[in-house]
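Notes follow the structure.
Please treat every number below as a calculation from the coordinates, not as lab data. None of the values given here were measured: they were computed from a predicted structure.
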Amino acid sequence: MPDPAAVIAPSLLSADFARLGDEAAALERGGAEWLHVDVMDGRFVPNLTIGPLVVGALRPVTGAVLDCHLMIEEPERYVAAFADAGADILTVHVEACRHLHRNLQQIRDLPRRAGGRVLAGVSLNPHTPASAVAHVLELCDLVLVMSVNPGFGGQKFIDAVRPKIRELRAMVRAAGLATRIEVDGGITVDNVAAVAADGADTFVSGTGVLRSPQYGRDYAAAIAAMRRAAEAAMAWRTDSAHK
Ligand code: DX5
Ligand code: ZN
């Protein structure tokens with residue numbers, strides 16, 4: 001199983017919502033393969049954001065992978081609507097799913113608009129252990145490690161999640177799976193190397209890309225710097241232990 005290259009997934013939560021299509025296009029031109037879409041319901045998290053209508057509006061203006069992070073209760077009620085709208089990846093929270101195994105199967109059975117199936121992800125809040133996904137790992141195309149408490153952009157990275165990333169990388173490796181390990185919250189050019197070294201391969205960044213003090217509106221420069229720093233630190237990809 002070849003180890004994955006770094007994916008940078010800028011979060012649209014930090015975009016100018018009045019110009020969302022332009023922002024998405026600028027990020028894609030800047031080298032983003034994925035766009036991270038933060039969906040919040042005001043119940044699972046104390047904030048409200050966007051729904052399938054906005055995903056449907058973005059779909060025709062971007063070829064990037066729409067990586068939809070569902071911070072909502074009862075996600076099973078909405079996953080089909082997001083898939084119809086053009087989502088490529090649907091990630092649900094362990095803490096919001098009473099029947100996580102069933103929810104993942106439901107997502108994997110959804111047709112993707114561009115063909116094939118929708119990819120399924122599971123997200124873990126900072127307090128939730130890696131073991132929460134042990135018995136569903138084979139149904140996960142990705143595991144999303146929250147490195148802030150979900151609900152808002154611009155928060156400080158929680159260092160205590162780093163051992164969990166290492167544990168998840170070991171689990172994925174031991175199972176011989178290609179599950180991506182995505183990290184979300186407080187990721188910047190300055191700390192991305194640390195989580196990449198821990199075993200993350202997919203990096204969500206809102207303020208770190210769209211409101212970076214170093215790069216301003218030069219999204220391409222911010223994305224390139226983040227990718228360089230991440231890839232240089234992903235030594236585990238070539239570890240002899242993994243060959
Ligand atoms: C937080 C969201 C994140 C957020 C990240 O609930 O899940 O995706 O947009 O923003 P930053 O990178 O600013 O922490
Ligand atoms: Zn997110």
Task: Where Rh is the Kirkwood radius over Cα pairs, Rg/Rh for the chain - done: 0.93
- [ ] State the percent of C-alpha pairs, over all pairs in region 181-243, separated by a distance greater than 13 angstrom.
- [x] 58
Open item on the list: Looking only at region 24-87, where both bridge partners belong to it, what percent of the DSSP beta bridges are antiparallel (to the nearest 5)?
Closed with: 10
